[in-house]
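The values are calculated or read from the model by the stated rules, or taken from the named source; none is laboratory data. Just so we're clear, the structure is a prediction, and the values are computed from it rather than from any experiment. For neighbour counting, all protein chains shown are included, and Cβ atoms are generated from backbone atoms with ideal geometry for every residue, glycine included.
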Amino acid sequence: MYQNQRIKDKINILGVSFDNTTMLEMVENIKQFISSNTDDNLFIVTANPEIVDYATEHELYRNLINQADYVVPDGTGIVKASKRLKQPLKRRVPGIELLEECLKIAHVSHQRVYLLGSKNEIVESAEKKLQSQYPNIHFAHHHGYIHLEDETVIKRITSFNPDYIFVGMGFPKQEQWIQKHKDKFKHTVMMGVGGSFEVFSGSKKRAPQIFRKLNIEWVYRVLIDWKRIGRMISIPKFMLKVAIQKYKMKSK
């Protein structure tokens, strides 16, 4: 684990320990890591209500993400929950936007970025579009339909010697993959990025600005993909668990 010299401000939401930080602070943290001489890696988790709800019911996964170097609130629901629990987080740190900030850093520094995840045609398309946007970055990719133990992919990535590995397999697999293999790399920023490759490839669109401003991106995702309705049950479950936690706090 990377030993950041800063004293961290942590906020516990249903057993998941969030870093009370902002996008600007995270960008500075990443730059500080890049300029350091450590051989350790930087493991970042961007957790939304779905992830926290899953973590409350899966102890191994909860322990795994709590061992990450940073856990940031990717979702307005997390920030609202922190306020209800009288432990307010500063603000949301959207995972796709943090990924874009990393790419800006990599572009300026002429670094190497590995994209792991999604279908081959999607991650390949994402790489091509990102390459045109960030021509100074050296990209490589592999699809995400692999076993956690697949050593062939590990050999490919280690031979590429990336500065960043972005894993778009969806939770919990992407975090499990990072935790299992992170010690095989040196001085690498590693982050699960969910469906970001679909957005970058153009196969899916990010929610329009109005949905983002109203903090209801999840509504847009359901409207364009009805198959997500089953997954969205985790949002009311998360809200109910927060309400129960708040009641327990009042009862003490």
**Asked** Pick from the stretch 197-252 the residues that are in contact with an Asp or Glu (Cβ under 9 Å, 6 or more places away or on another chain) and among the small types (Gly, Ala, Ser): which of them is modelled with the lowest pLDDT?
**Response** ALA207
**Prompt:** Listed residues GLN32, GLN67; which is within 20 Å of LYS180 (Cα to Cα) and either of a type in the set (Gly, Ala, Ser) or at pLDDT 95 or above (or both)?
**Reply:** GLN67
**Fill in**
Selection from the stretch 158-209 of residues in contact with a Gly (Cβ under 7 Å, 6 or more places away or on another chain) and among the aliphatic types (A, V, I, L, M) yields VAL167, MET169, ILE178, VAL193
**Request:** Write out, first by first residue and then by second, each pair whose Cβ atoms fall under 8 Å of each other, whose residues are 6+ apart or on separate chains, and whose first residue, in the stretch 238-250, is assigned to a helix (DSSP H, G or I) while the second is of a type in the set (Gly, Ala, Ser).
**Result:** PHE238/GLY77; PHE238/ALA81; MET239/GLY77; MET239/ALA81; VAL242/ALA81
**Request:** Report those strands (runs of 3 or more DSSP E) wholly inside the stretch 88-189 carrying at least 3 residues which are more than 25 Å from ALA55 (Cβ to Cβ).
**Result:** 112-117, 138-142
**Prompt:** From the list VAL52, VAL79, VAL45, which residue is among the aliphatic types (A, V, I, L, M) and free of Cβ contacts under 8 Å to residues at least 60 places away in the same chain?
**Reply:** VAL79
**Message:** Please count how many residues of the stretch 4-22 are modelled with pLDDT of 95 or more, farther than 23 Å from TYR54 by Cβ and touching a Phe, Trp or Tyr at 6+ places or on another chain (Cβ under 9 Å).
**Reply:** 0
**Message:** Need the failing condition index for GLU121 against (1) surrounded by 15 or more Cβ atoms within 10 Å (Cβ to Cβ); (2) within 13 Å of GLU198 (Cβ to Cβ), just the number.
**Reply:** (1)
**Request:** Considering every residue within the stretch 146-163, establish whether at least one is crowded, with 16+ Cβ neighbours inside 10 Å and within 20 Å of GLU101 (Cβ to Cβ).
**Result:** yes
**Message:** Condition first: closer than 16 Å to LEU99 by Cα and charged (D, E, K, R). Now tell me which residues in the stretch 166-204 satisfy that.
**Reply:** GLU175, GLU198
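Condition check ((1) touching a residue at least 60 places away in the same chain (Cβ under 8 Å); (2) crowded, with 16+ Cβ neighbours inside 10 Å; (3) more than 24 Å from ILE105 (Cβ to Cβ)) across all residues:
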{"site": "ASN37", "(1), (2), (3)": "no, no, no"}
{"site": "GLU57", "(1), (2), (3)": "no, no, yes"}
{"site": "ALA68", "(1), (2), (3)": "yes, yes, no"}
{"site": "ASP74", "(1), (2), (3)": "no, yes, no"}
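Per-residue answers, yes or no, for (1) buried (at least 18 other Cβ atoms within 10 Å of the Cβ); (2) farther than 22 Å from SER132 by Cα:
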| residue | (1), (2) |
| --- | --- |
| ILE165 | yes, no |
| GLY168 | yes, no |
| GLU175 | yes, yes |
| LYS180 | no, yes |
| LYS186 | no, yes |
| GLY192 | yes, yes |
| GLY195 | yes, no |
| GLU198 | yes, no |
| SER203 | no, no |
**Selected residue (criterion: farthest from the chain's Cα centre (by Cα)) from residues of the stretch 190-206 that are among the aliphatic types (A, V, I, L, M) and not in a helix (DSSP H, G or I)** = MET190
**Fill in**
Listed by first then second residue, the pairs whose first member lies in the stretch 11-22 and is of a type in the set (Lys, Arg), whose partner is buried (at least 18 other Cβ atoms within 10 Å of the Cβ), with beta carbons under 8 Å and at least 6 positions apart or on separate chains, are none
**Asked** Taking GLU50, is it more than 23 Å from GLY15 (Cβ to Cβ), surrounded by 16 or more Cβ atoms within 10 Å (Cβ to Cβ) and among the charged types (D, E, K, R)?
**Response** no
**Prompt:** If you go through the stretch 56-82 one residue at a time, how many are under 16 Å from LYS173 (Cα atoms) and either over 12 Å from the mean Cα position of the chain (by Cα) or assigned to a helix (DSSP H, G or I) (or both)?
**Reply:** 11
